[in-house]
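For reference, the structure discussed in these notes is given below.
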């Protein structure tokens, strides 16, 4: 019997990526909502500005989680470009997230604390779909297949050499 099909393997990898992204993102949502409510209820900042502050704090939190947990195995050779792209796509997500809050608050007049939190959460959800796509497609890119194969081959070759030399030295 052969191993899992290529499609099944890809789906399993995608599933693990989604779980890791969700873990970091879930923690980021909590950071975002806690900061939002703290700023909203302890300062005089208007609701959307409080939302923007909270989103920025969550973006910083999420970058660390994505870089060092979710996408730690991805290409690390272009950190400056990675960070610039992360900030760009995060800014687009910030506009989506807080644009929904703005529309609910100022166009529809839904401005109670509960309504603010519902629309902040809805905005986070919609922006998260965009962020997942953009981060995995543009920011935390997988190593090119050729480079990944070369890395694996060199690892296997080095491991094979060390085992052969160990066997040879144990025969002496």
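Values quoted throughout were computed directly from the atomic coordinates according to the rules given, and no laboratory measurement underlies them. Source: prediction; values computed, not measured. FYI the Cβ positions are ideal-geometry reconstructions off the backbone, even for glycines, and counts take in every protein chain you see.
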### Extension gain, residue 133 back to residue 78 (0.36 nm per residue minus Cα-Cα distance, nm)
17.9 nm
### Summary
Per-residue Cβ contact counts at 10 Å, fewest first, order 124, 52 as 52, 124
### Query
If each residue's Cβ is checked for other Cβ atoms within 10 Å, how do 12, 17 rank with the fewest at the top?
12, 17
### Query
When you count, for each residue, the other Cβ atoms within 10 Å and take the mean per peptide, how do 56-65, 42-51 rank with the highest first?
56-65, 42-51
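Does region 1-79 classify as rounded, prolate or oblate by the C-alpha gyration tensor (a ≥ b ≥ c root eigenvalues; a/c under 1.5 gives rounded; else a/b over b/c gives prolate, otherwise oblate)?
prolate
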### Summary
Rounded to one decimal in Å, the inverse mean reciprocal Cα-Cα distance for region 6-141, i.e. its Kirkwood radius, is 15.5
#### Entry: Residues of region 104-132 with amide N under 18 Å of the 7 Å Cα→Cβ point at residue 88
130-132
